[in-house]
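Some notes on the structure that comes next.
The values are calculated or read from the model by the stated rules, or taken from the named source; none is laboratory data. If you're wondering where the values come from, they're calculated on a predicted model, not measured in any experiment. Virtual Cβ from ideal backbone geometry, glycine too; neighbours counted across all protein chains shown.
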């Protein structure tokens, strides 16, 4: 059985109020070759004002897979997506706060684990 490496992250951004109000996991790059990331809990919040919607996508090369959305989330309220999300080599999770107001405080919390695929075989 593969060794599980814990993931527990808090991502935060000050909104620009445009289409750049995105938070990514992994933050700097896609999942590395030979790894698989299991996100068992994702939660998000716009601390400041109501936004239009929050979209959660998996990005793989030039393809986007929508996996969750919350229409009209209330400001200061935390929303949860507790279905497991699995990311494989070359994939990234993207959380888009559509309609956020400039200077809003945007938060995403992630919990789960990652494994080396070779160990899992």
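In segment 29-44, is there at least one residue being surrounded by 14 or more Cβ atoms within 10 Å (Cβ to Cβ), over 22 Å from residue 117 (Cα atoms) and without any contact (Cβ under 8 Å) to a residue 60 or more places away in the chain?
No, because not a single residue in segment 29-44 is surrounded by 14 or more Cβ atoms within 10 Å (Cβ to Cβ), over 22 Å from residue 117 (Cα atoms) and without any contact (Cβ under 8 Å) to a residue 60 or more places away in the chain.
Select the strands (runs of 3 or more DSSP E) contained entirely in segment 1-99, then report the ones holding at least 3 residues which are modelled with pLDDT of 95 or more. Break it down stepwise before answering.
On the way: elements: 5-14, 22-25, 35-46, 53-60, 63-71, 79-81, 85-87, 91-98.
Strands (runs of 3 or more DSSP E) meeting the threshold: 5-14, 22-25, 35-46, 53-60, 63-71, 85-87, 91-98.
Evaluate the following for residue 104: is it surrounded by 13 or more Cβ atoms within 10 Å (Cβ to Cβ) and more than 11 Å from the chain's Cα centre (by Cα)?
yes
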